[in-house]
1. So which residues in region 25-66 are part of a loop (DSSP other than H, G, I, E, B) and either of a type in the set (Lys, Arg) or more than 26 Å from Phe249 (Cα to Cα) (or both)?
2. In region 116-149, what residues are in a loop (DSSP other than H, G, I, E, B) and within 26 Å of Ala341 (Cβ to Cβ)?
3. Go through region 319-352 and give me each residue that's modelled with pLDDT of 95 or more and of a type in the set (Asp, Glu).
4. With the condition kept exactly as written, say whether any residue in region 315-330 is closer than 25 Å to Met36 by Cβ, touching a strand residue (DSSP E or B) at 6+ places or on another chain (Cβ under 7 Å) and of a type outside the set (Gly, Ala, Ser).
5. Which residue pairs have Cβ atoms closer than 7 Å, lie 6 or more positions apart in sequence or on different chains, and pair a first residue in region 228-246 that is within 21 Å of Gln277 (Cα to Cα) and modelled with pLDDT of 80 or more with a second residue that is outside any loop (DSSP other than H, G, I, E, B) and open to solvent by 60 Å² or more (accessible area, probe 1.4 Å)?
6. Any idea how many residues of region 203-219 are of a type in the set (Ser, Thr, Tyr) and assigned to a helix (DSSP H, G or I)?
7. Does any residue in region 156-180 that is among the charged types (D, E, K, R) come within less than 9 Å, Cβ to Cβ, of a residue that is modelled with pLDDT under 95 and outside any helix (DSSP H, G or I) six or more places away or on a different chain, and which pairs are these?
8. Of the conditions (1) under 30 Å from Pro13 (Cβ atoms); (2) open to solvent by 20 Å² or more (accessible area, probe 1.4 Å); (3) under 21 Å from the mean Cα position of the chain (by Cα), Glu91 fails just one. Which one is it?
Amino acid sequence: MTTTQSTPATPGPVPTRPLGATGPRVSALGLGCMGMSALYGESDRAESIATIHAALDAGVTLLDTGDFYGMGHNELLIAEALRTAPAAAREQALTSVKFGALRTVEGGFTGYDGRPAAVRNFAAYSLQRLGADHIDIYRIARVDPDVPIEETVGAIAELVEAGHVRHVGLSEVGADTLRRAAAVTPISDLQIEYSLISRSIEEKILPTARELGVGITAYGVLSRGLISGHFTRDRELAPGDFRGMSPRFQGENLRRNLDLVDRLRTLAEAKGVTVAQTAVAWVLAQAERRGADIVPLVGARRRDRLAEALGALDVTLDAADLAAIEEAVPAGAAAGERYPAAQMAHLDSERS
């Protein structure tokens with residue numbers, strides 16, 4: 001493992017990668033903005049906007065959101081950040097938007113709606129909140145089991161034809177569903193969880209995406225902070241932080257998972273990089289290793305965490321490094337599912 005940087009303070013320029021055979025060229029790291037509005041407890045609006053600005057300044061072009069993150073709050077936040085960013089940075093920014101989740105007033109999730117009429121309705125509201133005339137990549141967050149995927153992506157394809165959307169994406173679908181969707185319209189990328197401790201896509205989904213020329217935007221690369229090196233055994237989560245219900249953050253599961261992080265920390269510290277940089281660099285390395293277009297999304301809510309993640313771009317992992325990392329954190333070693341049972345049931349990707 002070699003690096004031109006041993007601290008997260010001054011990352012170099014962000015390189016770019018193609019996002020699939022038909023998608024746009026984007027920064028090699030994207031910024032996932034969900035935590036700025038929802039699911040991790042209170043956030044600092046000013047710091048969130050400053051973090052987006054810092055990402056744009058560094059050359060990050062891909063901003064990922066969902067219309068249900070804070071019930072529209074996240075899209076409005078991104079709109080404000082873009083509106084107040086320098087023109088050159090604003091013009092380079094690409095928005096990736098998920099839709100389809102049905103929410104209650106209390107914040108609960110009640111399912112997903114992939115009907116064509118709903119697709120058009122969701123898009124109209126997102127365009128208004130974003131203050132934009134188009135969305136760069138549009139995708140349903142989870143497959144609606146009552147609507148064939150062909151109908152859902154067909155409706156997005158109609159939005160592409162009308163100029164309201166540039167590219168069709170997917171989220172958390174299995175290999176069979178990915179094939180069916182790609183038979184209807186070109187798919188730029190599949191957004192799906194992929195990290196050192198969430199590697200199930202490697203068996204079928206990743207090879208299928210590679211075969212079809214579909215890129216991967218990998219979320220959860222730090223497993224919601226679990227393998228960031230910053231999560232401690234005695235940490236008390238804030239009210240509203242959904243990790244309080246996540247199996248991997250519970251009791252004995254948490255202890256076992258943080259034992260894995262300690263192994264990773266030993267390797268990282270010996271090389272002068274951080275645990276988070278090592279975990280992100282591992283995902284970055286999979287693009288060349290597996291012959292696929294893989295772009296990690298980092299969910300930084302603060303500028304210091306963003307700078308740390310960007311430092312992973314300067315970390316080079318050779319074959320020996322990768323072998324040592326995977327010996328320390330073997331595939332399937334994570335304790336607990338990545339979501340509670342009710343949410344796991346919505347994952348088409350887990351049925352592949």
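1. Going residue by residue through region 25-66, those that are part of a loop (DSSP other than H, G, I, E, B) are 28-29, 33, 37-39, 41-44, 59-61.
Ala28, Gly59, Val60, Thr61, listed by residue number.
2. Ala141, Arg142, Val143, Asp144, Pro145, Asp146, Val147, Pro148
3. If the condition is that a residue be modelled with pLDDT of 95 or more and of a type in the set (Asp, Glu), then Asp321, Glu326, Glu327 are the ones that fit.
4. Initial filter on region 315-330 (closer than 25 Å to Met36 by Cβ): none.
The answer is no, given that none of the residues of region 315-330 is closer than 25 Å to Met36 by Cβ, touching a strand residue (DSSP E or B) at 6+ places or on another chain (Cβ under 7 Å) and of a type outside the set (Gly, Ala, Ser).
5. Gly229/Arg265; Arg233/Arg255
6. Here is the first cut: in region 203-219, the residues of a type in the set (Ser, Thr, Tyr) are 208, 217, 219.
In the following step, the residues that additionally are assigned to a helix (DSSP H, G or I) were identified as 208.
Matching residues across region 203-219 total 1.
7. These pairs meet every condition: Glu172/His346; Glu172/Leu347; Asp176/Ser352.
8. It is condition (3) that Glu91 fails.
The values are calculated or read from the model by the stated rules, or taken from the named source; none is laboratory data. It should be emphasised that the depicted structure is a prediction, and the values quoted were computed from it without experimental measurement. Note: ideal-geometry Cβ built from the backbone for every residue, glycine included; neighbour counts use all protein chains shown. Quick note on the areas: whole protein, heavy atoms, side chains included, nothing else; ligands and nucleic acids left out. Shrake-Rupley method; radii C 1.70, N 1.55, O 1.52, S 1.80 Å.
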